[in-house]
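For reference, the structure discussed in these notes is given below.
The values are calculated or read from the model by the stated rules, or taken from the named source; none is laboratory data. Not measured: the values here are computed from a predicted model. Heads up, the Cβs are rebuilt from the backbone with ideal geometry, glycines too, and the neighbour counts pull from every protein chain shown.
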Amino acid sequence: MIKLVISNQRGGVGKTTTTLAFARHLAGKGKRVLVVDTDPQGSVSVTLGLKPSSYLSHFIGLRYALKDCIVSAHPSIDVVCSSRDTVQAEAMLMGAVGREQAFVHLFTPVEAGYDVILFDVAPSVTLLQTCAMVYCGKALVPVDMDPLSLHGAVATHELTRILNELLRTDVRVAGLLPTQVNLRLQMTEVITNSLKSFAERASIPLLPAIRTDTTVTKATKQRIFLQDYDDTCKAMEDYRTAFETLLSLLEASPHVPIAAQA
């Protein structure tokens, strides 16, 4: 089973776009996918125009059944949407014993219904991001061509190190994904070289880059998956290559977080 957090401690790097493109890519392979949005801004529901009756806060805080908190975005893709109330649900977990294990207890019982669970998290270190990291054991880090995005990627890697030391988990970054790449810009070369150096130092796979493409914005305006808007656009061409590379890496190095083994 694939369980993956899409994270960067910087906003606007393409986390939600990457999450949904990966979900749709896997659905196209016949996988049953659950997407969980833990960001109170609710980017997933906004991007796809979803109108759920219940949210992640109901699943976490009120212990609603998962079936009552999901909304179908595709025949093979269910989504647990986030809202401003997610902050309150997170606060309820703060005083719980073993709070970092919350998602292990909440999502493990529903794993049988899915082949893949993807978490789109907020661009900051939160308890819910920690819970997602501990539960999944792996993170995909999109990095756009901006110094702050690179710093956010480094911070995400540092978070995995801290979690492993404090909680005795085995969380790792499964790959760095360059996004919004425009080869005509000087900053692209600067960030790309820095990203390569960081990937080598940290022994993290650097995935094929995703070029800038206005089609992404057009698909978002239409509230549909990028593949369903234009499966032949350059961004989608790049995403397919990157996703297949990522899947090969995941299959070559199966990984179960220590927290889930206990």
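Some points to look at:
- Glu189 vs. criteria within 28 Å of Gly42 (Cα to Cα) and either touching a residue at least 40 places away in the same chain (Cβ under 8 Å) or not in a loop (DSSP other than H, G, I, E, B) (or both): no
- Filtering Ala235, Ala199 for residues that are surrounded by 13 or more Cβ atoms within 10 Å (Cβ to Cβ), aliphatic (A, V, I, L, M) and under 28 Å from Ala73 (Cβ atoms) leaves a single hit, Ala235.
- A count restricted to the stretch 216-235 and to residues that are over 20 Å from the mean Cα position of the chain (by Cα) and more than 17 Å from His25 (Cα to Cα) stands at 3.
- Test: residue in the stretch 164-172 that is under 24 Å from Thr47 (Cβ atoms) and surrounded by 14 or more Cβ atoms within 10 Å (Cβ to Cβ): no
- Qualifying residue in the stretch 78-100 (condition: loosely packed, with under 13 Cβ neighbours inside 10 Å and more than 24 Å from Leu163 (Cα to Cα)): yes
- Residue within the stretch 17-39 that is more than 25 Å from Asp231 (Cα to Cα) and at pLDDT 95 or above present: yes
- Scan of the stretch 25-77 for residues that are more than 21 Å from Val5 (Cα to Cα) and polar (S, T, N, Q), ordered by number: Ser53, Ser54
- You will find that of Leu50, Leu20, Leu34, Leu26, the residue that is of a type in the set (A, V, I, L, M, F, W, C), out of contact with any helix residue (DSSP H, G or I) (no Cβ under 6 Å at 6 or more places or on another chain) and part of a loop (DSSP other than H, G, I, E, B) is Leu50 and no other.
- Test: residue in the stretch 27-47 that is more than 22 Å from Val141 (Cβ to Cβ), in contact (Cβ under 8 Å) with a residue 24 or more places away in the chain and either surrounded by 20 or more Cβ atoms within 10 Å (Cβ to Cβ) or among the acidic types (Asp, Glu) (or both): yes
- Residue count, the stretch 48-77 (criterion: surrounded by 15 or more Cβ atoms within 10 Å (Cβ to Cβ) and charged (D, E, K, R)): 0
- Residues of the stretch 140-171 satisfying the condition of being closer than 16 Å to Gln129 by Cα and among the hydroxyl-bearing types (Ser, Thr, Tyr): Thr156, Thr160, Thr169
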